[in-house]
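As structure tokens, the structure follows; a few thoughts come after it.
The values are calculated or read from the model by the stated rules, or taken from the named source; none is laboratory data. Predicted model only: the values in this text are computed from it and were never measured. Cβ sites come from the backbone with ideal geometry, for glycine too, and all protein chains shown count toward neighbours. The area values use the complete protein model at the heavy-atom level, side chains included, leaving out ligands, DNA and RNA. Shrake-Rupley method; radii C 1.70, N 1.55, O 1.52, S 1.80 Å.
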Amino acid sequence: MGVDQIEPALTPPVNKPLLPPKPKLGNGKSKKRDIPEGLWVKCPSCQTMIFDKELDNSLQVCTKCEHHFPIGSRERIHSLVETCSFEEMDADMTSVDVLQFKGVATYKSKLDAYRKKSTLKDAVVTGIGKMGTHTVALGVMDFNFLGGSMGSVVGEKLTRLIERGTEGGWPVIIISTSGGARMYEGMFSLMQMAKTSAALAYHAQSRLPYLSILVNPDYAGVMASYASLGDLILAEPKAMIGFAGPRVIKDTTQAELPPGFQTSEFLLDHGLIDAIVPRKEMKEQLIKYLDYFAAGKK
């Protein structure tokens, strides 16, 4: 045809590889599954991953090691009283910045931030409810609001609760968790120690029971006043309870502290509290104690 036929080369051209290229194995980064946040919680005690729904059903108690997670005041109230029986008192009472406190942040700005974050007006919820067949005056502190610190509102709400219980002839139950008096209110917060203790003295004169329940943590001015004045003092397992923290005591005394110092188990062994009651058994045990007190009064 007039066209020179090119014979095939015995060796491939230099620019073409002898073998097909190997597939790339990736850049060495492993692909992680996209797990939605908030579905699993890691127990700080036994390191077990717990399904969030399972934790809610167990009242925020680890199903493996019985570690007690923090719980809000509303959830705790619902776990103790009969359904729809709780009537809140003084729900609109709020703290004010009497001293015009100024620091890194103002007291007013902190109050606004914690009200928005916790949806609470202050660090305690009080009211009247039914526990079994018993009507009780119930106050529950919440550590989520400024560390459960006791200011004028906390002291006033608890005092009114105790006085209401005295007038109605009802037992008073206060569940305490706190870092102590609220420094932003100065002497006003410290006076709440005397005010609540005086109200409990009048309650005791009427021969009415007062049950104090201590949950982790419970320190300083709260522990030095109404939290330690109960006819019965109960605590949750492994709760940290005391006046000053272990580090402060160790630095002050220059002595080694015994194992388990300031835990509820340590305080039970040394006679400060009467019983350790797990959260899931708390309602049943409280009803038994109330039955006992009611029978004694009759």
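Miscellaneous remarks
- Out of ALA227, ALA204, ALA295, ALA199, one residue alone is farther than 26 Å from ARG160 by Cα, part of a helix (DSSP H, G or I) and small (Gly, Ala, Ser). It is ALA295.
- Against the list (1) assigned to a helix (DSSP H, G or I); (2) open to solvent by less than 30 Å² (accessible area, probe 1.4 Å), the condition GLY139 fails is (1).
- Test: THR166 is modelled with pLDDT of 95 or more, buried (at least 22 other Cβ atoms within 10 Å of the Cβ) and in contact with a Leu (Cβ under 9 Å, 6 or more places away or on another chain): no
- Selection status of TYR184, under 20 Å from SER95 (Cβ atoms), surrounded by fewer than 24 Cβ atoms within 10 Å (Cβ to Cβ) and in contact (Cβ under 8 Å) with a residue 12 or more places away in the chain: yes
- Residue match in the range 233-240 (condition: in contact (Cβ under 8 Å) with a residue 24 or more places away in the chain, part of a helix (DSSP H, G or I) and either within 18 Å of SER149 (Cβ to Cβ) or among the hydroxyl-bearing types (Ser, Thr, Tyr) (or both)): no
- Residue selected from the range 281-298 under the condition farther than 20 Å from ARG76 by Cβ and touching a residue at least 40 places away in the same chain (Cβ under 8 Å), by the criterion surrounded by the fewest Cβ atoms within 10 Å (Cβ to Cβ): LYS297
- Restricting the range 238-280 to residues that are among the charged types (D, E, K, R) and closer than 17 Å to ASP218 by Cβ, the residue that is surrounded by the fewest Cβ atoms within 10 Å (Cβ to Cβ) is ARG247.
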